[in-house]
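A.B. asks: The structure under discussion is supplied below as structure tokens; questions concerning it will follow.
FYI, it's all coordinate maths here, none of it is from the lab. As the structure is a prediction and not an experimental result, all values here were calculated from the model. Here the Cβ is made from the backbone with ideal geometry for all residues, glycine too, and neighbour counts use every protein chain on show.
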Amino acid sequence: MLKIVVLISGGGSNLQSIIDAIEEKKLNAKIECVISDREAYGLERAKKHNIPSILIDRKIFKQNLFDEIEKVIPKDIDLIVLAGFLSIVSAEFIKKWENKIINIHPSLLPKFGGKGMYGMNVHRAVVENRETESGCTVHFVTNEIDGGEIIAQKKVPVYETDTPEDVQKRVLEKEHQLLVEAIKILEKNLKKR
């Protein structure tokens, strides 16, 4: 069984997709805890499913945020999932958990990734650049923002009449599927080791 920690910053809809997949026996995993770097509805989602939920406020801990997060992560964790987590992960944390941290990003990386490319900024850029497709990517986290090895991607069409909100909605639906699929891929790879 895969032991997972999920880091969030918002509503937690991607977290919910993992919870649902576990409850429906589509994933052989257990979420050990959910950590948020700000007050977020995702913590309530975790509590509803009896998953330990921890607020470690980035405004309070600032540059020590990941030292505090490190204190609550079980040492035997298999995977750390950034699911709408907006804080930039520290180099020390990445080094300690190398190849065990994954992130979901709302574009087809390497397009529309990097500093400042998150949330609606990504979807606005897609529409402004008149892209005909967008999507989402799950990748390993490295010191290069959105630059780690790609695990899986899903595409969606972008239409001429689309607003950034239209693209966001279409991409989010795929994110929920892709995150679970990527965790399954990693689960299989971990079994082979």
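A.B. asks: Just wondering, is there one or more residues in the stretch 23-35 that are part of a helix (DSSP H, G or I), closer than 20 Å to residue 2 by Cβ and hydrophobic (A, V, I, L, M, F, W, C)? Write out each step before concluding.
C.D. replies: Of all residues in the stretch 23-35, those part of a helix (DSSP H, G or I) come to 23.
With the extra rule that they be closer than 20 Å to residue 2 by Cβ, the set shrinks to 23.
Narrowing the set further to residues that are hydrophobic (A, V, I, L, M, F, W, C) leaves none.
Checking the stretch 23-35: not a single residue is part of a helix (DSSP H, G or I), closer than 20 Å to residue 2 by Cβ and hydrophobic (A, V, I, L, M, F, W, C).
A.B. asks: Now for a different question. Which one of these does residue 175 not meet: (1) within 14 Å of the chain's Cα centre (by Cα); (2) among the acidic types (Asp, Glu); (3) part of a helix (DSSP H, G or I); (4) over 18 Å from residue 18 (Cα atoms)?
C.D. replies: Every condition holds for residue 175 apart from (4).
A.B. asks: Taking residue 122 as the residue in question, decide whether it is touching a Gly at 6+ places or on another chain (Cβ under 9 Å) and assigned to a helix (DSSP H, G or I).
C.D. replies: yes
A.B. asks: Still on this model: Identify, from the list 98, 160, 68, the residue that is of a type in the set (Asp, Glu), free of Cβ contacts under 8 Å to residues at least 60 places away in the same chain and either touching a strand residue (DSSP E or B) at 6+ places or on another chain (Cβ under 8 Å) or part of a helix (DSSP H, G or I) (or both).
C.D. replies: 68
A.B. asks: Among the residues of the stretch 128-141 satisfying the criterion of being surrounded by 18 or more Cβ atoms within 10 Å (Cβ to Cβ) and among the β-branched types (Val, Ile, Thr), which is nearest to the chain's Cα centre (by Cα)?
C.D. replies: Filtering the stretch 128-141 for residues that are surrounded by 18 or more Cβ atoms within 10 Å (Cβ to Cβ) and among the β-branched types (Val, Ile, Thr), the one nearest to the chain's Cα centre (by Cα) comes out as 138.
A.B. asks: Look through 87, 13, 107 and report the one residue that is surrounded by 13 or more Cβ atoms within 10 Å (Cβ to Cβ), of a type in the set (Ser, Thr, Tyr), under 21 Å from residue 144 (Cβ atoms) and touching a Lys or Arg at 6+ places or on another chain (Cβ under 9 Å).
C.D. replies: Every option except 87 fails the conditions.
A.B. asks: Could you tell me whether any residue of the stretch 71-84 is over 16 Å from the mean Cα position of the chain (by Cα), of a type in the set (A, V, I, L, M), over 22 Å from residue 105 (Cα atoms) and in a strand (DSSP E or B)?
C.D. replies: Among the residues of the stretch 71-84, not one is over 16 Å from the mean Cα position of the chain (by Cα), of a type in the set (A, V, I, L, M), over 22 Å from residue 105 (Cα atoms) and in a strand (DSSP E or B), which makes the answer no.
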